[in-house]
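The values are calculated or read from the model by the stated rules, or taken from the named source; none is laboratory data. Just so we're clear, the structure is a prediction, and the values are computed from it rather than from any experiment. Cβ placement follows ideal geometry from the backbone for every residue including glycine, while neighbour counts extend to all protein chains displayed.
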Ligand SMILES: *Cc1c(COP(=O)(O)O)cnc(C)c1O
C-alpha cells in the first residue's frame, strides 16, 4: 500500500518527511518569538494578580519537564535514550498546551485595545491597571469569540472572562460536557453545535464578523496563537540545562507532539528548530481517523484537503485532536521543519494513559497520550534510515521528550471513566 492508502485505510504508520531541510517558506523568525516572549513578561504582573496559582512563577505560565524512566522501562525497554515528559498538561489557568497560544492571543488583542484607548500609556506601563473595575467595564464592551473542540475554548474563555470581555465559545459536539460547564461557571457564553469543529468555527466567525466590537480567534490561520506556542522553545533550554540534559550534535533531542489543527505542535516545532536547528527532531502524532495535518503534508494540499475526503470519519476519542482540516499556514511552515508524523488508534491512548499512571503516577488526558506511540516505530526500517540520514550514531544519547498537551483539569469522575475505557 502507498502511504496515502495507509492513511485513508486508517492504518497506524510512520511517515518520514522527505521535505525536511528543504528551503524554508516562513517569514517568521526568532525575533518574532522574542517579541511574544517579551509581551508575556509585560503581562506577567496582571496574570499573577488575576490568577493566584501563577504566583510561584510570578505570572509566567510555564510547565515542568520531568524524567519518566519507569515509563520508558515499562513500555519501551528496547528504545535507546532517555524519556522525559513536558507537562503542559499542568499549565496553570487552562490545564493544556492552549494556555500558551490561547492566552497569548487574548493578551495581544488586549494590549492593542488598551494602548489605542489610553488604558495604558505605553508598553512600559504597569499592566495591572488592566484589572481595575474601570478597565473591566471598558473590556465588557468588547467580545472575544472562538470555535473549539474544548481546550482552546477553555483557554480563551477563561482568560477573556478574567479580563472582562464578553466571552463566547462555539463548541463542537466532541467537546466534553465538563468543559462547557466549567466555562459557564466562569461567566463564558457557550454555544453548542451538533456538527464537528469546522461547523462551530464557521458559525462563530460569522457571528463575530457581524459585530465590529468582536474579535474572533482563528485557530486555522492565527499567527498569534502560533507565536504564543513558540515561546515554549525560549524557555525549554534553561529547563534542559537545569536537568543536565545537553542538546548538541552528539546529544540529539527528539520531540513528540500530538497534533490537531497544527498550531500548537507547529509553534513549538518552529521555536525549537530556531533554537536547536538540526539537533532537534520533531514528530507529530495524530489519530488514525483524523490525521488532517498528515493528509495535508502528504498530498501537499494542506487546508484544501480534509480527512473526510479520504473516506475517514474524523471521529476520535482524542477530543483535542478531532480536527478534520489542517491549518495551511502551519502545514506550509512544517514542510521544511518537521521530521515526520505517525498515526495512532484510539484504544492505545488509554493503554499509554494507564501505563503512565501506574509507572509514574502522572495523569494526562487521552489526546496527550498520542505522543507515546512514536517510540513503537523505533525499530522500523523508516526510522532506522532516518537515524542514518541524520548521522545519529549514538542513539543512546537521545533525549526523547513527550509533549503532554493536556490533563490537569480533567475531573476525577472522568479520570475514573478513562481508566476503564478500552480495557
Ligand atoms: C489542541 C490540542 C492539541 C493540538 O493542538 P493544535 O493546535 O490543534 O494542533 C493537542 N493536545 C491537546 C490536549 C489539545 O487540546
If the requirement is being at positive phi and either within 13 Å of the ligand (Cβ to nearest atom) or at pLDDT below 95 (or both), which of these qualifies: 277, 228, 262, 266? 262
Residue in the range 153-176 that is surrounded by the most Cβ atoms within 10 Å (Cβ to Cβ), counting only those that are away from the ligand (no atom under 15 Å from the Cβ) and part of a loop (DSSP other than H, G, I, E, B): 165
Restricting the range 304-323 to residues that are closer than 14 Å to residue 345 by Cα and surrounded by 19 or more Cβ atoms within 10 Å (Cβ to Cβ), the one farthest from the ligand (Cβ to nearest atom) turns out to be 312
For the range 327-348, the count of residues that are out of contact with any strand residue (DSSP E or B) (no Cβ under 8 Å at 6 or more places or on another chain) and over 22 Å from residue 382 (Cβ atoms) equals 7
Scan the range 242-259 and give yes if some residue there is more than 9 Å from the ligand (Cβ to nearest atom), within 13 Å of residue 333 (Cβ to Cβ) and either over 18 Å from the mean Cα position of the chain (by Cα) or touching a residue at least 24 places away in the same chain (Cβ under 8 Å) (or both), otherwise no. no
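Restricted to the range 260-290, and to residues that are more than 11 Å from the chain's Cα centre (by Cα) and in a strand (DSSP E or B), which residue is nearest to residue 389 (Cα to Cα)?
Applying the first criterion (more than 11 Å from the chain's Cα centre (by Cα)) to the range 260-290 yields 270-283, 285-290.
In the following step, the residues that additionally are in a strand (DSSP E or B) were identified as 280-283, 285-287.
Working: 280: 14, 281: 12, 282: 15, 283: 16, 285: 22, 286: 24, 287: 27 Å.
Taking the candidates together, the pick is 281.
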Of the numbered conditions (1) within 23 Å of residue 153 (Cβ to Cβ); (2) within 16 Å of the ligand (Cβ to nearest atom), residue 50 satisfies every one except a single condition; which is it? (2)
Test residue 17 against the stated conditions and say whether it is surrounded by fewer than 19 Cβ atoms within 10 Å (Cβ to Cβ) and under 30 Å from residue 381 (Cβ atoms). no
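How about the range 46-152: which strands (runs of 3 or more DSSP E) wholly inside it have at least 2 residues that are crowded, with 22+ Cβ neighbours inside 10 Å?
Numbers: elements: 65-67, 82-87, 143-148.
Answer list for the range 46-152: 82-87, 143-148.
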